[in-house]
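Participant: Dumping the structure here so I can ask a few things about it.
The values are calculated or read from the model by the stated rules, or taken from the named source; none is laboratory data. Since the structure is predicted, the reported quantities are computational estimates derived from the model, not experimental observations. Note that we place each Cβ from the backbone using ideal geometry, even for glycine, and neighbour counts take in every protein chain shown.
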Amino acid sequence: MVQAVCTTPKGNPIALVLGATGGVGGAIAARLIGEGWLVRALCRNVDAAVSGWRYDCPTPDFVLGDAMDTASVIRAATQGDGVAVIVHAVNPPGYRNWSSLVLPMIDNTLAAARAVGGARVVLPGTVYNYDPARISLIDESSPQNARTVKGKIRVALERRLAQAAPDVPSLIVRAGDFFGPGARASWFAQAMVRPGQSVRAFTSMAPGIPHAYAYLPDLAAAFAGLLSIPDRLRRHETVQFSGHWDATGAQMSDAVRRVVGRDLRLRTFPWWMMRLAAPLGGFPREALEIEPVWKHPMRLDNQRLLDLLGAEPHTPLDQAITVTLTDMGCLAPSQGHARPGHA
C-alpha cells in the first residue's frame, strides 16, 4: 500500500499528535508547527490544553478525545483533511497501569492510521526493551530481551508496529531519559532537581554510572528531520538518538552546578525506600522496575540516524540545562529562556 501523504490545499503536511500536552508530544508538535506542518492534537480538555500551551509557536488544533477511545482517535485522524502522520507520544501517567493501557492505545493508533490509508505511526522509543545487564550498546539490530513487565510491554508494542508495516509504515526514534522544557514527567524534573526553587542540591539516580539523556528540543528536531524525508525511510524504521552521554555518571550534576554557579549538595536517589514500599504497589513498585536502567550503562548507536540526516541535532549541555532549569522555575528568566521554543 502506498503511504498516505495528506496535505492542505497550500501543501502543508498534516500530523495528529497524541500526547501533545506532555513533554515529548508537546516538543514534537511545536517543532512540526515551526517547520510548517499543520498539527492536530487529541486531548481530554481542549480549554486546558490551549491555555496550557507554553511553546513559542501557535497552538495545535486541539480536538476533544481520548487515546483509549478507538472512535475518537479515528475521528481525529480522518476529520477534514486526513493526516499523513500520527505521533504516538502517550503513556500511562505515573508509570501505572501499563499492562491495561499501553497496548490498547497503540491498537487505536494503528486503527486510525489504517482509516486514513496508511498514515505513518511515529513512536518515541525507550530503552526498556532491553536487559541492561546484558546489552551496553543499542542499535536497530540489538535483541529486545526485556526482563521487566514494562519492557516486555514495550517489546510487544513495537512488534505490533513491525507487523503492521505492510499497510501502516512506522518510525521509532529511541532515546535515553528526557530532560528539557516541558518535561514535567521526567526523572530530571521529578527526582534530580526540585522545580520552582533555586537549586541547592542534586539527586543522582546512580552515582558514577554512565547514562544516556535526550534533550527534548533536539529529539523533536530529529523527528521532524526524519519526517521530512519519508521516501528515504524504511516501512518500519528504527533509529537511535544518542543525545547527551554522561560518560562518568557525574556530568549532569556538574553541568547543573556550572549553570547555577554554586556548589551543590549531592544526594543519591533512595532506591532502598522504593524496595521497602514496593509491596504496597503504586509508584514505588512501578519505579523499581526502572532501577536496572540506571544501574547499568546503555549507550545508543545513532549510525542509522546519521546515515539519514547527516548529523544529529545537538545543543551543548550547559545551554540545554539553562533552558531546562529556567522552564522549571529554578533560574531567573534573565539567566535563560522564559519559554521553550522550536528553533
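Participant: How many of the residues in the stretch 127-145 are crowded, with 22+ Cβ neighbours inside 10 Å and touching a strand residue (DSSP E or B) at 6+ places or on another chain (Cβ under 7 Å)?
Facilitator: So the count comes out to 3.
Participant: Another question, if that's okay. Out of contact with any strand residue (DSSP E or B) (no Cβ under 8 Å at 6 or more places or on another chain), basic (K, R) and crowded, with 24+ Cβ neighbours inside 10 Å, is that true of R54?
Facilitator: no
Participant: Residue check, G182 against (1) part of a strand (DSSP E or B); (2) within 15 Å of the chain's Cα centre (by Cα); (3) more than 26 Å from D107 (Cβ to Cβ), all met but one. Which one?
Facilitator: (1)
Participant: Can I ask one more? Of the residues F269, F188, F223, only one is buried (at least 17 other Cβ atoms within 10 Å of the Cβ) and over 20 Å from the mean Cα position of the chain (by Cα); which?
Facilitator: Selected residue: F269, the only one of F269, F188, F223 that is buried (at least 17 other Cβ atoms within 10 Å of the Cβ) and over 20 Å from the mean Cα position of the chain (by Cα).
Participant: Can you spot a residue in the stretch 160-174 that is closer than 22 Å to A250 by Cα, touching a residue at least 60 places away in the same chain (Cβ under 8 Å) and either assigned to a loop (DSSP other than H, G, I, E, B) or outside the structural domain of F223 (by TED's automatic domain parsing) (or both)?
Facilitator: no
Participant: For the stretch 235-255, which residues satisfy the criterion of being free of Cβ contacts under 8 Å to residues at least 40 places away in the same chain and part of a loop (DSSP other than H, G, I, E, B)?
Facilitator: A247, the sole residue that qualifies.
Participant: Next question. Go through (1) of a type in the set (S, T, Y); (2) under 19 Å from the mean Cα position of the chain (by Cα); (3) at pLDDT 95 or above one by one and return the number of the condition S72 breaks.
Facilitator: For S72, the failing item is (2).
Participant: Among the residues of the stretch 261-289, write down those that are over 23 Å from V199 (Cα atoms), aromatic (F, W, Y) and modelled with pLDDT of 90 or more.
Facilitator: Result: W272, single match.
Participant: Follow-up. Please state which one of D318, D307 is over 25 Å from N91 (Cα atoms), without any contact (Cβ under 8 Å) to a residue 40 or more places away in the chain and not polar (S, T, N, Q).
Facilitator: Only one candidate passes the filter, namely D307.
Participant: For the stretch 201-220, give me each residue that is part of a loop (DSSP other than H, G, I, E, B) and buried (at least 20 other Cβ atoms within 10 Å of the Cβ).
Facilitator: M205
Participant: Run P284 past the list (1) surrounded by 16 or more Cβ atoms within 10 Å (Cβ to Cβ); (2) more than 30 Å from V85 (Cα to Cα); (3) in contact (Cβ under 8 Å) with a residue 24 or more places away in the chain; (4) of a type outside the set (A, V, I, L, M) and report the number of the one that doesn't hold.
Facilitator: P284 satisfies all of (1) surrounded by 16 or more Cβ atoms within 10 Å (Cβ to Cβ); (2) more than 30 Å from V85 (Cα to Cα); (3) in contact (Cβ under 8 Å) with a residue 24 or more places away in the chain; (4) of a type outside the set (A, V, I, L, M) except (3).
Let's see how each residue does on (1) at pLDDT 95 or above; (2) under 19 Å from A183 (Cβ atoms); (3) more than 20 Å from the chain's Cα centre (by Cα); (4) not hydroxyl-bearing (S, T, Y):
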residue: G82; (1), (2), (3), (4): no, no, yes, yes
residue: I86; (1), (2), (3), (4): yes, no, no, yes
residue: V90; (1), (2), (3), (4): no, yes, no, yes
residue: P104; (1), (2), (3), (4): no, no, no, yes
residue: N108; (1), (2), (3), (4): yes, no, no, yes
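Participant: Is at least one residue of the stretch 182-196 farther than 24 Å from A332 by Cβ and either among the polar types (S, T, N, Q) or in contact (Cβ under 8 Å) with a residue 60 or more places away in the chain (or both)?
Facilitator: yes
Participant: Just one of the numbered conditions (1) within 26 Å of A221 (Cα to Cα); (2) polar (S, T, N, Q); (3) without any contact (Cβ under 8 Å) to a residue 40 or more places away in the chain is not true of S136; which one?
Facilitator: (3)
Participant: Moving on to the next point. State yes or no: is Q144 outside any helix (DSSP H, G or I), farther than 25 Å from T324 by Cα and without any contact (Cβ under 8 Å) to a residue 60 or more places away in the chain?
Facilitator: yes
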